[in-house]
Amino acid sequence: GQQVMQIPQYQHVQEGEDFTTYCNSSTTLSNIQWYKQRPGGHPVFLIQLVKSGEVKKQKRLTFQFGEAKKNSSLHITATQTTDVGTYFCLPNNAGNMLTFGGGTRLMVKP
Amino acid sequence: GAGVSQSPSNKVTEKGKDVELRCDPISGHTALYWYRQSLGQGLEFLIYFQGNSAPDKSGLPSDRFSAERTGGSVSTLTIQRTQQEDSAVYLCASGMDYNQPQHFGDGTRLSIL
């Protein structure tokens, strides 16, 4: 079955520092989605990556999909306190039970 | 437009009682998912409905858990003979199709005394 590892589990950064979370799958994916969950809130869809080597940007957020379509990363440049929350990846592959990554909890010190 | 609606938002009940949680998905969304999230933890997949197909129940933790989706729209998650370890936030999400972005409701916070 599909195995998903998301690292790190936690990350404390000083406001203004960069942040990266990684999602690694044991199998080739059809696509991967990223979600953000603010404290006390529900997950909110950020982006979907489909193509090998794809890079997408949303303001200070940069999303990458690996060439082999097994790995992905979310990078935040110059973090702000509004970036606080837990970031989840959802690797998708037809026929497999949906398994979110364990999430990376980002804490930002002002 | 209306998002995914879940009710009740909070439910407190005694151990051993049955509970029903409701989810109203976004109109036109054929995919509907239930997840469980314990405090500070990740998203645990429970069950997935797609159109009129048989649901994927592979994530249900025990036979005390069941779910149905009537008319391809509203879904109900039922937990029988609740246990304290069932305490968690139960999240529902819907999507245009499998593998498409999921839109989550605010969840039902279930507390078993």
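Between B:Ser58 and B:Gln84, the contour length at 0.36 nm per residue exceeds the Cα-Cα span by 7.2 nm. Of the whole protein surface, A:Glu67 contributes about 140 Å² of accessible area at a 1.4 Å probe radius. Each label point was placed 7 Å from the Cα along the Cα-to-Cβ direction; for B:Arg22 and A:Val44 their separation is 2.7 nm.
Say each of A:Thr62 and B:Ser73 gets a label point 7 Å from the Cα, pointing the same way as Cα to Cβ; how far apart are those two points in nm? For the pair A:Thr62/B:Ser73, the computed spacing is 4.6 nm. Cα centroids of segment B:20-79 and segment A:1-39: how far apart, whole angstrom? Rounded to whole Å, the Cα centres lie 24 Å apart.
Per the Cα gyration tensor, chain B maps to an equivalent ellipsoid with semi-axes of 23, 14, 13 Å, ordered largest to smallest.
Compactness of segment A:18-93 was expressed as the Cα radius of gyration divided by 2.2 N^0.38 Å, which yields 1.06. For B:Ala67, the amide hydrogen comes within under 5 Å of the amide hydrogens of B:Thr78, counting only partners 5 or more places away or on other chains and with H modelled in the peptide plane.
Shown in residue order for segment B:82-94 are the 3J(HN,Hα) couplings computed by the Karplus curve 6.51 cos²θ - 1.76 cosθ + 1.60 at θ = phi - 60°: 4, 10, 4, 6, 7, 4, 4, 9, 9, 10, 10, 9, 10 Hz (x for Gly and Pro). Our coupling estimate for segment B:10-15, obtained by passing each phi through the Karplus curve with A = 6.51, B = -1.76, C = 1.60 and θ = phi - 60°, is 9, 9, 10, 8, 8, 3 Hz, Gly and Pro reported as x. Summarising the strand pairing of segment B:5-112, around 90 percent of its internal DSSP beta bridges are antiparallel.
Mean per-residue shielding of peptide B:36-42 is 3, counting Cβ atoms of other chains within 10 Å of each Cβ. Across all directions, the shadow cast by the convex hull of the protein assembly as shown built on its C-alpha atoms averages 12.4 square nanometres.
For the pair B:Asp97 and B:Ser111, the difference between a 0.36 nm per residue extended length and the Cα-Cα distance amounts to 1.9 nm. Rounded to the nearest Hz, the phi-derived 3J(HN,Hα) couplings of segment A:49-64 under the Karplus curve 6.51 cos²θ - 1.76 cosθ + 1.60 (θ = phi - 60°) are 10, 10, 8, 4, x, 5, 10, 10, 10, 10, 6, 8, 9, 10, 10, 10, where x marks glycine and proline. Counts of other chain beta carbons within 10 angstrom of each beta carbon in peptide B:99-105 average 6. Full extension of the segment from A:Ser52 to A:Thr81, taken as 0.36 nm per residue of separation minus the current Cα-Cα distance, would add 7.3 nm.
In a shell of Cβ-Cβ distance under 14 Å around B:Lys17, excluding B:Lys17 itself, what net charge do Lys and Arg (+1) and Asp and Glu (-1) give? After counting each charged neighbour, the total is 0. Partners of A:Lys109 within straight-line reach, counting lysines whose Cα lies under 27 Å from its Cα and excluding those fewer than 8 residues away in the same chain: A:Lys36, A:Lys56, A:Lys57, A:Lys59.
The values are calculated or read from the model by the stated rules, or taken from the named source; none is laboratory data. Remember, it's a predicted structure, so these values are computed and weren't measured experimentally. Ideal geometry is used to build each Cβ from the backbone, glycine not excepted, and the neighbour counts take in all protein chains shown. Note: areas computed on protein heavy atoms with side chains; ligands, DNA, RNA excluded. Shrake-Rupley method; radii C 1.70, N 1.55, O 1.52, S 1.80 Å.
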